[in-house]
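A short worksheet on the structure shown next.
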Amino acid sequence: MAVKPIDFLPLSTPAFHILVALSDQERHGYAIMQDVAARTNGAVKLNAGTLYTTIKRLVDDDLIVEVDAPADADSSDERRRYYKLTRLGREVARAELARLQAIVRGAAATLLAKT
Amino acid sequence: VTVQENSAAHRLFKWLLFAYPAEFRCEYGVEMGRVFADRYNDERGARRFWLWIRTIVDVLGTAIQERYRIMLRDLKHSWRRLAAHPAIAATAILSLALGIGANTTVFSVVYAAVLKPLGYPDVDRRVIVYTTDLNSPNRGNRSLAAPLDFMDWRAQSKTLEEFHLFTHRGSRTAIGGPFPERITDQLVTGGLLDSLGVRPVIGRLPRPDDVSERPAVIGEAYWRRTFSGRQDVLGKKLVVDGRVNTIVGVVPAGFELFDEPSGIDLWLPIELQNPEWHSRQVPWLMATAKLRSGVTLEQAQAEMTQIASQLASAYPETNRHRGALVVPLLEARNGWVERLLYPLFGAVMFVLLIACTNVANLLLARAAARRRELSVRAALGAARTRLVRELLADGIVLAVPGIVAGVVLAYAGLALYRVTVPSMIRGMSNVDLNTPALVFTAIAGLLAGIVAAVLPAVEGSRADLNDTLKEGSRGSGGRVRQRVKSVLVAVQIALALVLLTGAGLMINTIARLQAQSLGFDPNNVLVAQLHITGNRYMTDAPPRGIDMRYVEPPTGQLIEHVLRQVRAIPGVESAAIGATIPTGPSSSPGVRITVAGRASSQEDQRRSVYNVVSSGYFETLRVRLKRGRYLEDKDVAAAPWTAVVNEKFAREFFPGEDALGQTITVVAGPDERPRQIVGVIADVIQYMPRVPVQPEIFTSYLQQTREIPGNFQGVRFRPKLIVRSPVLHTIKAEMLSDIVGRFDRDVVVFGVNTLKHFAAERGSLDWFYASSLGFFSAIALVLSAVGIYGVMNYSVTDRFQEIGIRVSLGASRGRVVWLIAAYGLKVAIAGLVIGIAAAVATTRLIERMLFGVKPWDPLTFSVVALFLLAVAMIACLFPALRATRNDPVRALRAE
């Protein structure tokens, strides 16, 4: 039974941000948090509880996997747990992106047409 | 400043992490601590404070989510595991359903009888004031209140307010609707309904100072039934027992007055200003009052005791031995029903406990089967709490369908209850499954599931990989587990024994009551009650301050007419009239008797039941004559007045003397005459077999005083007709109504039934109790048998190889059976010993329901114990026989 990306939609906001944060490189929890904050100009600051319960769910669903710390990580970061996007995770993130884009396009079409 | 891993902030955060389930905490706790420390280091000053707030909210919120997800997952897994063994799951669910169903049924009844709030304002300040007999050795001997006593209480009490009187439910004939009708009524003092917070559907309630002509309020059901719910019922005249009343209001359905059921048709006023009520003689009214605010029950009791002693010195003739007892309303209400129901409630609790042990045993077996899996997981680092939680989930997964099935069974149980509940438990027949019962069921059911799962969970999670691997599949291990199961089975047997002993004692009671000689033959006798409505036969007494009334003669002519016509019906063997029919309807007062030639101070007058009968009464009932003669047609008003007494009377009033020929006087109206005892009859059960026979005096209806005290009215105006016929079914109620109606259309015939029916109804409470206990015991027995069977069966499986080896070494079949049976026997006997001890301690709770048998009756105990032992042995037999079919080769190969 193949798992289809669409089965996971819609993603929760933290889940989507975590997937996006992991899309360019492997990161540990704090790095994910910082990346999300940077990407959203500080609007989304994930707290530890939300961050790790979401990570757990993404791991359980095979959207991300835990990996060894990369070779270039400094010593204090070596002990941290790093996560990587899986192929399924990437597909799910893209599907979510497409879903959001469709919503944005639809909203723009109606909202902007009036003015 | 960087936060070190053991700084205060970090420690506090780690402490916060305990909100999460252990497995999550173990997996991510350290990482979360790091992330938090990093963020903490990013912030300064007040922003740290806000970080804390956000973190706490975040942790608590996500912790709840996480726990919820884990619970769902555990339940889902449990469900899958149990569904894989449908037989075990079904047995467990059915066990729980039986236990829960029985509990819900009994709880619904207990709730309706005892726990349901009464909804009166200030209900916890309301009291009932009883008259007590200070002479009686039994201090619990409460009687009601006499009207004049009540008026003195009301006038003098400073601790109590809102004094009111009411009567228990009576029945009367009402003319006002389309046809004369028997209705139920209560008499109440004006203002009582108001004080209890009744809001009339239409119209108004009687006021304390009501001057309109006898204001009556009717019940909503009666209003809709007879008056089609019309508004113009207000102001209508309603003739009740010959007196005219005016309907002023309608009381909503569902209102009930103290322990009386709803379904009262009519409330009539007690007119205390009317001299006819001014009596101190007979305490026959319920008195209620309310503690003034700030007054304690003790203060009120002290004051009432003092008032009662003042009344005793002011009116020594009536009040010399009267005290007053103040009882909180909530306690007075249905006290006896409560005492009756709680043992039943205890019984169903036992049933549920037995069901729980069954489920616990099944789950233990399941946990044992998963032992390897559990111990491997424990060795691989699964938290013990997680394993316990998983096993507890099994209990809940079984409990939920058990609760649902239990509620369905409770529906059936209540339907059964409604048809079997004796009419003696008045107003208790209309019990439904209600919200409190459902809440109770849900809580009890879930608790039962968890209780059943606790032991297996603790046992199962203790699994140690070393032990499990060492044990291998040799099956020699698990001794501890087996001991736990043996204890459970023993407990089960003990519980079942207590229940069965209770049922056994009740069956014994019934047998003894049945064996009790009635003293008359209830077969082939029909009873019809006549109600002679007042005014044609009765005129109000002149206001002399005593409750006496003149009675006009036609009552005699009516009875003469009825008896002549009824005796002429083909197939009628004999017919007679009596005020009271043994075990049937009764309206005989207690009277004082003076014996000619003896000092007659009040102390010497003893009481007797006073029955008024016609000739043929004893013959119709087939009561044996011991001495002299029965009452005959020649005992007319003009002849010398006579009486027949029962043997109990003869023994009590004339110990060591011959009662026959003695002259006695009944303390009654002024024109009562001395009577000669012309006959002594055998003792007849008067009320019901468990009530000891009272002295009774029988007099002819033709030899009665014209002027009768109030409590003689029943004797005169509620005669019962008894008809003996070998072809009883051919005599119809309409034939009797016709005969009576031809003489006087205002005389009502009602309540026609066979004497056997009445006698059975009197015993119905015993039957109800015995059959309820018997029913619950039967469930307990079946559940216990299933439990024993299951455990024995499991033990055989567990010892499969051991038995195989024994057989291959030459053990005989008998030896193998004995091996298993001896184990079962040991457990059963242990259970019986515990059970007997528990039964001795608990059966006295039903002592008041027993008759002729002590709560620790050795015969009942032995029979029950042996019976239970036999059942246990039979339950052992099948697994034992299975063991003998054990093929040693297969058993060893299974290694």
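We did not get these values from a lab; they are worked out from the coordinates using the rules stated. Just so it is clear, the structure is predicted and the values come from calculations on it, not from any experiment. No Cβ is skipped: glycine too gets one built from the backbone with ideal geometry, and neighbour counts run over all protein chains shown.
For region B:181-247, which GluC sites (Glu not before Pro) are both in a DSSP coil and crowded by at most 13 other Cβ atoms within 10 Å?
Details: sites: B:Glu181, B:Glu213, B:Glu220; in loops: B:Glu213.
Here the GluC sites (Glu not before Pro) that fit, given the DSSP loop and packing criteria, are B:Glu213.
With viscosity set to 1.567 mPa s and temperature to 4 °C, compute the Stokes-Einstein D of region B:164-216, Rh being the Kirkwood radius across alpha carbon pairs; µm²/s, no decimals.
Details: Rh = 12.6 Å.
Once the numbers are plugged in, D ends up at 103 µm²/s.
Under a cut-off of 16 Å between alpha-carbon atoms, report the lysines in cross-link reach of B:Lys158, not counting same-chain residues fewer than 8 places apart.
Within the straight-line limit of under 16 Å, B:Lys158 reaches these lysines: B:Lys290.
I need the trypsin sites (Lys or Arg not before Pro) found in region B:239-332, filtered to DSSP loop residues with at most 14 other beta carbons within 10 Å of theirs. Mind dumping the intermediate values first?
Numbers: sites: B:Arg243, B:Arg280, B:Lys290, B:Arg292, B:Arg320, B:Arg322; in loops: B:Arg280, B:Arg292, B:Arg320.
Taking region B:239-332 and a limit of 14 other Cβ atoms within 10 Å, the loop trypsin sites (Lys or Arg not before Pro) found are B:Arg320.
How far apart, in nm, are two points set 7 Å out from the Cα along the Cα-to-Cβ line at B:Ala87 and at B:Ser228?
Spacing of the two 7 Å Cα→Cβ label points: 6.6 nm.
Can you tell which of B:Ile202, B:Thr509, B:Ala452 lies farthest toward the positive end of the dipole of chain B, using +1 and -1 charges on the Cβ of basic and acidic side chains (Lys, Arg; Asp, Glu)?
The residue sitting farthest along the positive end of the dipole is B:Ala452.
In whole Å and largest first, what semi-axes does the C-alpha gyration tensor of region B:302-419 yield when each eigenvalue is scaled by 5 and square-rooted? It would help to have the intermediate numbers written out before the result.
Numbers: eigenvalues 724, 79, 24 Å².
Calculated on Cα positions only, the semi-axes equal 60, 20, 11 Å.
Indicate, rounded to the nearest 5 percent, the antiparallel portion of the DSSP beta bridges found entirely in region B:147-254.
Of the beta bridges lying entirely in region B:147-254, close to 75 percent run antiparallel.
Rounded to the nearest 500, what is chain B's calculated 222 nm mean residue ellipticity when only DSSP H runs of at least 4 contribute -39500 (n - 2.57) each, over all residues?
On the way: 27 runs with 450 residues, N = 895.
It lands at -17000 deg cm²/dmol.
Over region B:90-235, what number does the Rg to Rh ratio reach, with both radii from the alpha-carbon atoms and Rh per Kirkwood? Kindly include the intermediate steps, with their values, before the conclusion.
Details: Rg = 21.5 Å, Rh = 19.7 Å.
Rg/Rh: 1.09.
Compute the FRET efficiency between A:Val3 and B:Ile56 as 1/(1 + (r/R0)^6), taking r as their Cβ-Cβ distance and R0 = 51 Å, and round to the nearest 0.05. Walk me through the intermediate numbers first.
Details: r = 36 Å, r/R0 = 0.70.
Efficiency computed from Cβ-Cβ geometry: 0.90.
With no solvent and one point per C-alpha, what does the Debye sum give as log10 I(q)/I(0) for chain A at q = 0.10, 0.16, 0.21 Å⁻¹?
At q = 0.10, 0.16, 0.21 Å⁻¹ the computed log10 ratios are -0.34, -0.77, -1.16.
Compute the Rg/Rh shape ratio of region B:85-127: radius of gyration over Kirkwood radius, all on alpha-carbon atoms. The partial results should precede the final answer.
On the way: Rg = 18.3 Å, Rh = 13.2 Å.
For region B:85-127, the value is 1.39.
At what distance in angstrom do the alpha carbon centres of region A:15-87 and region B:777-822 lie from each other?
59
Along the charge dipole of region B:644-782, pointing to its positive end and built from +1/-1 on Cβ of Lys, Arg, Asp and Glu, which listed residue (B:Pro695, B:Val715, B:Thr705) has its Cα farthest out?
Among B:Pro695, B:Val715, B:Thr705, the one farthest towards the positive end of the dipole of region B:644-782 is B:Val715.
So, with +1 on the Cβ of K and R and -1 on the Cβ of D and E, and no other charges, what is the size of the charge dipole of chain B about its Cα centre, to the nearest 20 debye?
Working: 102 positive and 78 negative charges, 680 e Å.
Charge dipole of chain B: 3260 debye, to the nearest 20.
Tally the DSSP beta bridges in the protein assembly as shown and give the antiparallel ones as a percent, rounded to 5. It would help to have the intermediate numbers written out before the result.
Details: 78 of 97 bridges.
Taking every DSSP beta bridge with both residues in the protein assembly as shown, the antiparallel ones total about 80 percent.
Near A:Lys4, which lysines are there with a Cα under 26 Å away, not counting those fewer than 8 places off in the same chain?
By straight Cα distance, A:Lys4 reaches A:Lys56, A:Lys84, B:Lys76.
Placing unit charges on C-beta atoms (Lys and Arg positive, Asp and Glu negative, everything else neutral), compute the dipole magnitude of the protein assembly as shown about its Cα centre in debye, rounded to 20. Walk me through the intermediate numbers first.
Details: 118 positive and 93 negative charges, 512 e Å.
For this selection, approximately 2460 debye.
Considering the options B:Gly402, B:His757, A:Val59, tell which one lies farthest towards the positive end of the dipole of the protein assembly as shown, charges being +1 on Lys and Arg and -1 on Asp and Glu at the Cβ, about the Cα centre.
The Cα lying farthest towards the positive end belongs to A:Val59.
If we restrict to alpha carbons, what Rg and Dmax does chain B come to, in Å?
Spelled out, the Cα radius of gyration and Dmax of chain B are 36.7, 123 Å.
Take peptide B:22-34, look around each residue's Cβ out to 10 angstrom, count Cβ atoms belonging to other protein chains, and average those counts. Kindly include the intermediate steps, with their values, before the conclusion.
Values: counts 0, 1, 3, 0, 0, 5, 10, 2, 3, 10, 8, 1, 9.
Shielding by partners across B:22-34 averages 4.
Counting pairwise Cα distances across region B:676-786, what percent come out greater than 18 angstrom? Don't skip to the end; give the middle numbers.
Working: 4439 of 6105 pairs.
Counting every Cα pair in region B:676-786, those more than 18 Å apart make up 73 percent.
Explain nothing, just the number: dipole magnitude of chain A about its Cα centre with +1 on each Lys and Arg Cβ and -1 on each Asp and Glu Cβ, in debye rounded to the nearest 20. Write out the running numbers ahead of the final one.
On the way: 16 positive and 15 negative charges, 125 e Å.
The dipole magnitude comes to about 600 debye.
Under 18 Å Cα-Cα from B:Lys720, which lysines qualify once same-chain neighbours fewer than 8 residues away are excluded?
List returned: B:Lys732, B:Lys756.
According to the square roots a ≥ b ≥ c of the eigenvalues of the Cα gyration tensor, what is the shape class of the protein assembly as shown, taking rounded for a/c under 1.5, prolate for a/b larger than b/c otherwise, and oblate for the remainder?
Working: a/c = 2.99, a/b = 1.89, b/c = 1.58.
Prolate shape, in that a/c is at least 1.5 and a/b is the bigger ratio.
Based on the Cβ-Cβ distance from B:Asn753 to A:Ser12, what FRET efficiency comes out when R0 is 60 Å, to the nearest 0.05? Walk me through the numbers before you get to the answer.
Working: r = 74 Å, r/R0 = 1.23.
Using R0 = 60 Å, I get an efficiency of 0.25.
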